[in-house]
Amino acid sequence: MPWQETSVMVLRQEFVTLAQQEGASMAELCRRYGISRKTGYKWLGRARAGERGLTDRSRRPHTTPRRTDPATEAAVMRLRETHPAWGGRKLQHALAREGMLQPPAPSTITAILRRHDRLAPPERPVHAYQRFEAAAPNDLWQLDFMGQPDLPTGKVHPLTLLDDHSRFALLVAACAHQQADVVRELLTCAFRRYGLPRRILTDNGPPWGGAGGMTALEAWWLRLGIAVSHGRPHHPQTQGKLERLHRTLWAEVVGIRDLPDLATAHARFEAWRTVYNGQRPHEALDYAVPASRYRTSPRPFPQALPPIVYGPTDAVRQVYHPGRLSFRGQEVFIGHGLIGLPVAVRPTGEETVFTVWYCQHQVATIDLADRS
């Protein structure tokens, strides 16, 4: 019979008692107790030391010459206390940047964290999607609000802005709401500091998108010469880099630290942004930091908005409330964000079809033959 977990000591003692009897067959006893002859002789030999000799002996070595020295282990734990969400690879690269000549391997650091009960539960697996990356800094910025964490004084709405090429976090701000005025104020500060991007990518929700046609923020960006893109509806993977930043922000700030009010949240977001850009090794950048790949834009933020100029053959119309224009007896909805602004109507190759332009961007099409 095999050893039973609940009575293993009884069976071992019984085995050695029978094995010591005169004329006992070791081979037969081992077969009946479901053990090898080698194991049987091992237990018989240990029986001479008394019953305690039949307990399992620890396989742990008497010495651990390859265990990490205490100073290195202390350095790992110090850095982990500062960055409690960093794993073995990030900690290894950070230790090397701090000047440690031979930092432990990531697996060794993981073992150190495990010994000190500092391993976080594994993250939920993330599906792999086709990756894209802008060719240069400021070619594409991603912009979005993160989910709204609760504060004792209400909700906070983290507004995040990320350079797609470098993963440099241009803005991580704690907002009291998601209205366009606060977004414009914060983006103005970012534009003045970093310059203008070529394109901004957002989702389709307010305040930068929605059912109301072109928004005021989109109209502002287009006037500044910034192209606008939106991800596919219900497809957050388009802004995958920003979604990943949100997960990191939650893991390293929101989910582990007390945020008693909006001012404290904003201060901690800004402090974390400094670490994220300049200290935290980024796996997608071969463990470089985002600041090493980012350069400010050569396109400065203008002191005044550039004038809107159209050609002499354009039919210029002003958009009136609620976002419509009138052309040859037909009203066309353009968007709430263009109310009070001039647009140009231009002919196409078709007699009844015209295009509507705001600055250098086509915003609508008019078909006079389609009265619907």
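Derivation of every value follows stated rules applied to the coordinates shown; laboratory data play no part. As the structure is a computational prediction, the values presented were derived from the model and not from experiment. For neighbour counting, all protein chains shown are included, and Cβ atoms are generated from backbone atoms with ideal geometry for every residue, glycine included.
Counting pairs of alpha carbon atoms under 8 Å apart in space and at least six apart in sequence, what relative contact order in percent does segment 70-115 give?
41 percent
Most fluctuating residue of Asn204, Asn138, Asn277 in a GNM of the chain with Cα springs under 10 Å: which is it?
Evaluated over the chain, the most mobile residue of the options is Asn204.
What does the charge dipole of segment 161-225 about its Cα centre add up to, to the nearest 20 debye, if the Cβ of each Lys and Arg holds +1 and the Cβ of each Asp and Glu holds -1?
It comes to approximately 240 debye.
Report the percentage of all Cα-Cα pairs in segment 216-316 whose separation exceeds 21 Å, rounded to a whole percent.
61 percent
So how many Å³ per residue does the convex hull of the Cα atoms of segment 315-367 work out to?
Dividing the Cα hull volume of segment 315-367 by its residue count gives 67 Å³.
Taking only DSSP H segments of four or more residues, each worth -39500 (n - 2.57), what value at 222 nm results for the chain once the sum is divided by all its residues, to the nearest 500 deg cm²/dmol?
The helix contribution divided over the chain gives -9500 deg cm²/dmol.
Taking the beta-carbon count within 10 Å as an exposure proxy, list Val182, Val356, Val319, Val254 from fewest neighbours to most.
So the residues, fewest neighbours to most, are Val182, Val254, Val356, Val319.
Let me know the volume per residue of the alpha-carbon convex hull for the chain, in Å³.
Here the figure is 256 Å³ per residue.
Counting other beta carbons within 10 Å of each residue's own, what order do Tyr358, Tyr41, Tyr33 fall into, fewest first? Could the numbers behind the result be given before it?
On the way: Tyr358 24, Tyr41 13, Tyr33 19.
With the sparsest Cβ surroundings first, the list reads Tyr41, Tyr33, Tyr358.
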